[in-house]
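The values are calculated or read from the model by the stated rules, or taken from the named source; none is laboratory data. Just so you know, these numbers come straight off a predicted model, no measurement behind them. Counting neighbours? That spans all protein chains shown, and the Cβs are built from the backbone with ideal geometry, glycine included.
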Amino acid sequence: MAITLGLVACAADPGARRTRRVMSEEDEIKLGAEAAQEVEQYMGFSGSAELNAYVDRIGQRLVKHSSRSQIVHEFHVVDMAEPNAFALPGGHIYVSRGLLAIMNSEDELAAVLGHEIGHVAGRHSAKQQTKSRGWIPLQILAGIGGAAASIVSPDLGSAVAGMGQLSATLVLASYSRKQEKEADRLGQQYAAAEGWDPAALSATMDALTREQELAGGRDPNRLSFFDTHPTTPDRAREGREYASTLSVAPADRIAVNRTAFVNRLDGLVVGAAAKAGVFLDHRFVHPDLDFAVTFPKNWKYENSPTAVVAYPQSESAMLGLQVLAEGDDPAAVADEIGAQVELLDRSEVKKINGLPVVTANTRVVQDGQELALSLTWIAKDGLIYQVLGATPSARWAEFRSTFEATAATFRRPSESELDEVRENRLRLVAANRGETLSAVAKRAKSQWSVERVAAANAMDATEKLRGGEAIKVSKREPYAPAADEPSQ
C-alpha cells in the first residue's frame, strides 16, 4: 500500500490537475458511451467470455491506481485483425485480437491496458475533441478502396446512405507525442503498483514494430497502433530506462508464466474472421447470416464492417451489398427511399431465389457528374439487404446487366459452399528438444511464415529450442460458430 501511494504521488497524473477548456466529464462520458455502442455494433467483440473476463480483471486492477478511478472502466477484446488498442472518452478500453496474438506475457497486456487507462486519466481524447483536430474516423477500418470511396459518398443521398460509412461519433484520437509519453509513464506506474513488469511496455512496442515491418510498412487502409499512438525511435529505450526507476510491488500475476498466458489465447481467430463473411474466389458467403452472392469475376473485392464492395480493375463502377434495415417488406424500404430519390423502372415485389425483392434504378449527381444506380432490395430472415450498382451514366449500358445479374445471385448458400468456409486460428504446438521454430512451423503446417511465427513468439527463428515450449502458430480450420464467443 505504501508503495502504491508513493507511485501515485509521483505520477504527475494529469487527471488530478485542473484542465481548461475541455469538455465536461458528463459530456465526455456521454460521448464515450455513444462511441462504445458503435464499436460493438460495427466492430464487435472477439474471443471467449473467459478471455474477455481475464482482460477486464487485469484492467480493473490497474484502474485502482488512476486518479479517475471513480469512472466506470470497461475492457473488451475487439474483433480487429490488426494489432491495436484504444481508449474512448469516459473509460471504454479495447485491445484487439490482433494485438493479443503477438503478446507473450501478462505483463505486456497489463502495460498496454495501463497505457490506455493513462489516456483516460489524462483526458487526452477529450482534449483532442475540444481542439477539433487529429481525429481519425474509424471508417478507415472498413478498408473500402479508392473507387468505392469516391463513388459511394454521402452526396448520393438516402439510396446509398451508410454504405461503408461509420458514424462521425465513432472516432479515435490521434494523440500527440507528449500525450503518448504521459500515458506510457502512467501505465508503467499502474503496472508496477500491481506487481507487473513496467518494462514490458517496451517489449510490446518492439513486437508492434516487428509486425509492421513484416506487413511491409504502414497500410493506409488499416488503422494501426502507431497511427493513433505516434512513436519515436527512442520510445522503447526510454520506456526501459523509466521502468528501472520504479519500485515494483510483489508479483501477483493471474497467468504466472508465458505458458499460462499463451494458453489463454489458444483458439483466437487471427486474420480475417469468417463470421463476417468470406470470399470464395468471386463468391461471397456469410455463414452466420446464411446468404451468398456471386460477384463478377476478376473484380477487386473488399469486405468491411458495414458493406461488401466490388469494383472492376478500371474502377469505373462499383457493386455494394449491405444490410439496410430490419423488416420483411422490401417495398416499404423502396417507398422510403423513393420519397427522397426519384426511382425509375421500379418493380413490384417479385421473387429471386425464393426471396421477396424490389428493384429500381435512379440517377444522382455527384461533384458535377451524373451517376446511374441500380438498386435491389431483398428481404431475408427479418432483414432487408440492398445490392447497389453505381457507374457514371455514360457507362450505364455497359454495366447495367452486370449489376442486375449480380443481384439475381443473392441466395442461401449451398452446403458445399458452407463447407468451404475456413478461418485461421491461433493454436499452440509443443516444441521438441532441439527443434527450431522453422521446424515447428513446418510440422504444424502453420499458415504464418517462419518470420511471422518468430515475431509472434518473440523468438529467433533459428535458435534451438529446449523442448516443451508452447509455440504459437496459425492453423487453417473449418468455420464453426463459437459457442463461447461473447454476445454482440
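Annotations for the structure displayed:
- For Thr362, the conditions (1) surrounded by 18 or more Cβ atoms within 10 Å (Cβ to Cβ); (2) among the β-branched types (Val, Ile, Thr); (3) out of contact with any Leu (no Cβ under 7 Å at 6 or more places or on another chain) all hold with the exception of (3).
- Breaking point among (1) exposed (fewer than 13 other Cβ atoms within 10 Å of the Cβ); (2) modelled with pLDDT under 90, for Arg57: (2)
Here is a yes/no grid of residues against (1) on the phi < 0 side of the Ramachandran plot; (2) in a strand (DSSP E or B); (3) at pLDDT 95 or above; (4) assigned by TED's automatic domain parsing to the domain that holds Leu324:
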position: Glu342; (1), (2), (3), (4): yes, no, no, yes
position: Arg346; (1), (2), (3), (4): yes, no, yes, yes
position: Lys351; (1), (2), (3), (4): yes, yes, yes, yes
position: Val358; (1), (2), (3), (4): yes, yes, yes, yes
position: Val365; (1), (2), (3), (4): yes, yes, no, yes
position: Leu371; (1), (2), (3), (4): yes, yes, no, yes
position: Thr376; (1), (2), (3), (4): yes, yes, yes, yes
position: Ala379; (1), (2), (3), (4): yes, yes, yes, yes
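- Scanning segment 432-439 turns up no residue that is surrounded by fewer than 20 Cβ atoms within 10 Å (Cβ to Cβ), basic (Lys, Arg), outside any strand (DSSP E or B) and outside the structural domain of Ala461 (by TED's automatic domain parsing).
- Residue tally, condition in contact (Cβ under 8 Å) with a residue 40 or more places away in the chain and in contact with a strand residue (DSSP E or B) (Cβ under 6 Å, 6 or more places away or on another chain), over segment 279-305: 8
- Candidate set from segment 199-256 (those that are within 27 Å of Val450 (Cα to Cα) and among the aromatic types (Phe, Trp, Tyr)); member that is modelled with the highest pLDDT: Phe225
- Taken as a whole, the structure places Ala456 among residues that are outside the structural domain of Asp288 (by TED's automatic domain parsing), touching a residue at least 60 places away in the same chain (Cβ under 8 Å) and over 30 Å from Val293 (Cβ atoms).
- Note on segment 42-71: residues that are of a type in the set (A, V, I, L, M) and closer than 20 Å to Pro89 by Cα total 6.
- Residues in segment 450-464 that are surrounded by fewer than 20 Cβ atoms within 10 Å (Cβ to Cβ) and within 18 Å of Asn104 (Cβ to Cβ): Val450, Glu451, Ala458, Met459, Asp460, Ala461, Glu463.
- Evaluation of Glu40 against (1) assigned to a helix (DSSP H, G or I); (2) more than 13 Å from the chain's Cα centre (by Cα) (one fails), failing number: (2)
- Residues (closer than 30 Å to Val309 by Cβ, in contact (Cβ under 8 Å) with a residue 24 or more places away in the chain and polar (S, T, N, Q)) located in segment 415-447: Asn424, Gln447
- All positions within segment 72-96 that are under 19 Å from Tyr175 (Cβ atoms) and assigned to a loop (DSSP other than H, G, I, E, B): His73, Met80, Glu82, Pro83, Asn84, Pro89, Gly90, Gly91
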